[in-house]
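Colleague: Following this message is one structure expressed as structure tokens.
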Amino acid sequence: MVDRLIGRTGRRGSSATDLPREPESPADPTAAVWARVQLARNLHRPRTLELLALIAADFVELHGDRFFGDDPAIVAGLARIDGRRVVVVGQQKGAETDENIRRNFGMPHPEGYRKAMRVMELGERLGLPIVTFVDVPGAHPGADSEERGIAEAIARSIALMTRLRTPIVTVITGEGGSGGALAIAVGDVVLALENAVYSVISPEGCASILWRTPDQAPAAALAMRMTAADQLQLGVVDEVIPEPHNGAHTDHPATAAMVKAAVLRHLDALERRPLDELVEARYRRYRALGAFTTIDVEPAAIPERPGFTDRLRNLLGGATRAATGTGPNPARSYDEPPAREEV
Amino acid sequence: MPIKLPSFRQRRDTYPSDLWTQCPACQEMLFNKQLEKALRVCSNCGHHFRLSAPVRLNLLLDPDSFVEQDPGLQSLDPLGFVDLKAYPDRVAAAQATTGLRDAAVWGLGSIGGRQVVICVMDFSFMGGSMGSVVGEKVARSAEAALDRRVPLVIVSASGGARMQEGTLSLMQLVKTVAATERLRLAGVPLISVMSDPTTGGVFASFAALGDVNLAEPNALIGFAGARVSAGTIQGELPEGFQRSEFLFNHGFVDRVVHRSDLRDELIRLVALMAPEVPDASADNGNIPAFRPLSFLSALAERVIPESGEADRG
Ligand SMILES: [Zn+2]
């Protein structure tokens with residue numbers, strides 16, 4: 001028996017391997033995708049605070065994770081949009097250099113995600129829906145981040161969002177960079193601006209590992225199908241919000257108006273659903289994402305003790321060294337640190 | 001039961017090449033037979049070599065207790081991904097080398113006579129990377145543990161999410177964590193064992209979220225790649241950065257456990273964390289099936305002490 005699950009694309013009726021390309025793409029699809037990545041990274045795109053200034057009648061920012069500090073790369077607070085009270089969490093870079101440095105180039109530390117969790121839990125307690133705005137190159141990759149448990153913070157935030165008993169609408173507004181984006185991007189509905197991108201690793205990181213040079217980043221960007229349109233086809237994104245003709249950075253008010261309309265429309269629909277059903281549907285949404293098939297096979301026999309298989313692997317993996325002629329530092333040994341699969 | 005190995009002289013010119021493995025940590029030449037007897041731990045310096053999934057299962061579970069589930073899950077190529085090699089070719093090569101269908105194996109078994117669900121990853125299959133198949137297996141193992149109300153043990157060995165499946169791999173972080181979160185809320189224990197390496201999207205999902213987190217000594221455990229960390233951020237990395245002991249010192253790992261003690265630790269933990277459960281026949285009747293909707297509506301009541309046992313029927 002073979003079943004084929006590719007996201008939730010069934011209702012869109014296409015296999016992901018024959019995605020239509022952007023109609024307006026130039027002849028070179030790699031260049032077209034790369035141009036879009038640059039657009040998604042444009043520093044003058046509207047981010048959480050710029051959007052809120054245009055769509056929220058009121059916004060009170062809340063600060064601090066109550067454990068360690070306040071992370072300026074993530075903003076969170078209470079807002080009123082079109083008469084509706086909501087909780088907002090989003091990433092924030094600065095359009096100007098000074099502000100961008102202060103906000104650590106939009107790369108959150110663990111305390112940013114812990115602040116997000118605190119405020120989202122507040123939203124659940126107060127019965128307020130949650131709106132998140134995602135635009136992040138990735139979580140901050142430094143030693144301080146690791147010391148304070150960046151992976152644990154991301155994992156726990158994802159876990160929290162899968163079970164919060166309140167509607168969640170997520171908007172990818174720019175760069176959806178891996179786990180650092182996903183930590184605040186688990187929603188009942190995931191929207192993306194037309195020029196936003198979403199990927200499991202930065203194209204530069206992907207190219208460094210698989211092509212062995214960051215110069216191949218445009219090829220990696222194309223291979224990962226990271227544009228909003230591709231993400232829609234994969235079922236990772238539910239709806240693409242159009243941008244003004246020359247991109248969101250050229251017209252903040254028009255962009256904000258379209259974001260606002262889409263968010264309100266989805267909140268209206270989600271708030272009519274019973275909470276049990278809402279949370280179960282969210283679980284099913286993510287449970288269905290993936291692409292695999294089932295082949296009829298016998299379970300493999302588990303060997304009684306380590307032995308032949310391991311030796312064979314060692315041979316094939318170049319791990320076992322001949323006792324003769326092995327230098328003190330083999331250039332590539334079995335146990336060297338791995339090529340990283342993700343950043 | 002640590003096995004003490006007799007020290008032996010290197011006889012460089014009398015053995016065929018495949019009988020020796022050089023320890024990457026201390027450069028000692030190790031006799032393969034002895035290395036395997038020592039659970040692939042260097043007798044000279046204690047370096048833990050990586051284990052294949054079958055060997056790991058054999059090490060941890062009671063003899064003959066393992067029943068594999070979903071052995072036929074096979075990855076597709078949802079993006080049509082080609083780098084220097086096409087993704088399906090990479091998968092086929094990994095299958096040929098490892099004898100596995102993907103980078104994780106899950107099933108039912110027992111540890112010290114107690115039933116568990118166990119999911120074990122294998123680094124030699126494409127760096128143990130998590131794509132749709134690994135994510136599905138982890139989620140199914142968590143759902144099975146919830147259904148049976150027996151502890152879930154996950155042994156991680158992974159570089160992170162599998163790039164060749166793009167954001168569908170990223171979505172496995174949500175899929176797996178959503179399932180383990182339901183375990184947590186239902187009071188079913190999750191024991192996360194991190195072996196070398198446990199990094200990226202696997203560490204940033206279920207591996208970090210164990211009720212108890214164990215780590216083998218000196219395993220690489222971290223979120224960002226060390227090269228990335230060092231390259232992106234100026235300044236030197238701290239001593240032992242992203243190693244088990246570093247995680248222990250910063251409060252993210254409960255115990256660093258030598259491989260020779262791992263099974264005994266798990267036996268004790270499982271016995272302490274889970275109530276005595278009737279044997280395997282229990283799952284065809286005695287324990288009510290998990291009904292997500294009724295379960296979720298019961299969540300709000302869980303804070304009230306007297307209804308604490310409500311969801312156990
Ligand atoms: Zn050694």
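Colleague: How many residues does segment B:183-209 hold that are in a helix (DSSP H, G or I), under 24 Å from A:C206 (Cα atoms) and more than 7 Å from every other protein chain (Cβ to nearest Cβ)?
Modeller: Total meeting the criteria: 3.
Colleague: Still on this model: Report, by residue number, each residue of segment B:115-174 that is free of Cβ contacts under 8 Å to residues at least 40 places away in the same chain, open to solvent by 10 Å² or more (accessible area, probe 1.4 Å) and of a type outside the set (A, V, I, L, M, F, W, C).
Modeller: B:G127
Colleague: Of the conditions (1) open to solvent by 10 Å² or more (accessible area, probe 1.4 Å); (2) touching a residue at least 60 places away in the same chain (Cβ under 8 Å); (3) farther than 25 Å from A:F292 by Cβ, A:L222 clears all except one; give me its number.
Modeller: A:L222 satisfies every listed condition except (3).
Colleague: Conditions: (1) open to solvent by less than 10 Å² (accessible area, probe 1.4 Å); (2) more than 30 Å from B:A86 (Cα to Cα); (3) among the acidic types (D, E). B:E245 meets all but one. Number of the miss?
Modeller: (1)
Colleague: So which residues in segment A:137-188 are among the basic types (K, R) and either more than 13 Å from A:E111 (Cα to Cα) or free of Cβ contacts under 8 Å to residues at least 12 places away in the same chain (or both), if there are any at all?
Modeller: Within segment A:137-188, A:R163, A:R165 qualify.
Colleague: Still on this structure, please answer the following. Looking at the structure I just gave you, is B:L57 closer than 19 Å to B:L262 by Cα and among the hydrophobic types (A, V, I, L, M, F, W, C)?
Modeller: Considered against the rule, which asks whether it is closer than 19 Å to B:L262 by Cα and among the hydrophobic types (A, V, I, L, M, F, W, C), B:L57 comes out as yes.
Colleague: Is it the case that B:T180 is part of a helix (DSSP H, G or I), at the interface with chain A (Cβ under 10 Å from one of its Cβ atoms) and under 24 Å from B:L57 (Cα atoms)?
Modeller: Yes: the conditions hold for B:T180.
Colleague: Now for a different question. Can you tell me which residue is nearest to A:L122 (Cα to Cα) among those in segment A:79-99 that are open to solvent by 10 Å² or more (accessible area, probe 1.4 Å) and under 23 Å from the mean Cα position of the chain (by Cα)?
Modeller: This residue is A:K93.
Colleague: Within the set of pairs 6 or more residues apart or between chains, which connect a residue that is facing another protein chain (nearest Cβ under 9 Å) inside segment B:41-70 to a residue that is away from the ligand (no atom under 16 Å from the Cβ) and open to solvent by 50 Å² or more (accessible area, probe 1.4 Å) with Cβ atoms less than 6 Å apart?
Modeller: Once the first residue is facing another protein chain (nearest Cβ under 9 Å) and sits in segment B:41-70, its partners that are away from the ligand (no atom under 16 Å from the Cβ) and open to solvent by 50 Å² or more (accessible area, probe 1.4 Å) give B:P54/A:I302; B:L57/A:I302; B:N58/A:I302; B:F66/A:I302; B:E68/A:P299.
Colleague: Tell me, which helices (runs of 4 or more DSSP H) lie completely within segment A:138-208 with 2 or more residues that are touching a His at 6+ places or on another chain (Cβ under 6 Å) and either open to solvent by less than 10 Å² (accessible area, probe 1.4 Å) or assigned by TED's automatic domain parsing to the domain that holds A:P46 (or both)?
Modeller: Helices (runs of 4 or more DSSP H) meeting the threshold: A:143-147.
Colleague: Filter segment A:210-219 for residues that are open to solvent by 40 Å² or more (accessible area, probe 1.4 Å) and assigned to a helix (DSSP H, G or I) and give the result.
Modeller: Across segment A:210-219, the qualifying residues are A:P214, A:D215, A:Q216.
Colleague: Considering only residues of segment B:102-152 that are more than 12 Å from the chain's Cα centre (by Cα) and of a type in the set (D, E), which is farthest from the other protein chains (Cβ to nearest Cβ)?
Modeller: Among them, the one singled out is B:D147.
Colleague: Can A:S199 be described as at pLDDT below 95 and touching a helix residue (DSSP H, G or I) at 6+ places or on another chain (Cβ under 8 Å)?
Modeller: So A:S199 fails the test.
Colleague: Continuing with the same structure: Is one or more of the residues making up segment B:6-24 at pLDDT 90 or above, in a loop (DSSP other than H, G, I, E, B), within 16 Å of the ligand (Cβ to nearest atom) and not assigned by TED's automatic domain parsing to the domain that holds B:D102?
Modeller: Within segment B:6-24 (the criterion being at pLDDT 90 or above, in a loop (DSSP other than H, G, I, E, B), within 16 Å of the ligand (Cβ to nearest atom) and not assigned by TED's automatic domain parsing to the domain that holds B:D102), the answer is yes, since at least one residue qualifies.
Colleague: Scanning segment A:225-267 for residues that are of a type in the set (A, V, I, L, M, F, W, C) and assigned to a strand (DSSP E or B), which turns out surrounded by the fewest Cβ atoms within 10 Å (Cβ to Cβ)?
Modeller: A:V240
Colleague: Given the structure, is A:S14 at pLDDT 50 or above, surrounded by fewer than 18 Cβ atoms within 10 Å (Cβ to Cβ) and not in a helix (DSSP H, G or I)?
Modeller: Judged against the criteria, A:S14 is not a match.
Colleague: So, one more: Kindly establish whether A:T213 is within 23 Å of the chain's Cα centre (by Cα), within 23 Å of A:V200 (Cβ to Cβ) and hydroxyl-bearing (S, T, Y).
Modeller: no
The values are calculated or read from the model by the stated rules, or taken from the named source; none is laboratory data. It should be emphasised that the depicted structure is a prediction, and the values quoted were computed from it without experimental measurement. Methodologically, a virtual Cβ is constructed for each residue, glycine included, from the backbone with ideal geometry; neighbour enumeration extends over all protein chains shown. Accessible surface is based on the protein model in full, side chains and every heavy atom, while ligands, DNA and RNA are left aside. Shrake-Rupley method; radii C 1.70, N 1.55, O 1.52, S 1.80 Å.
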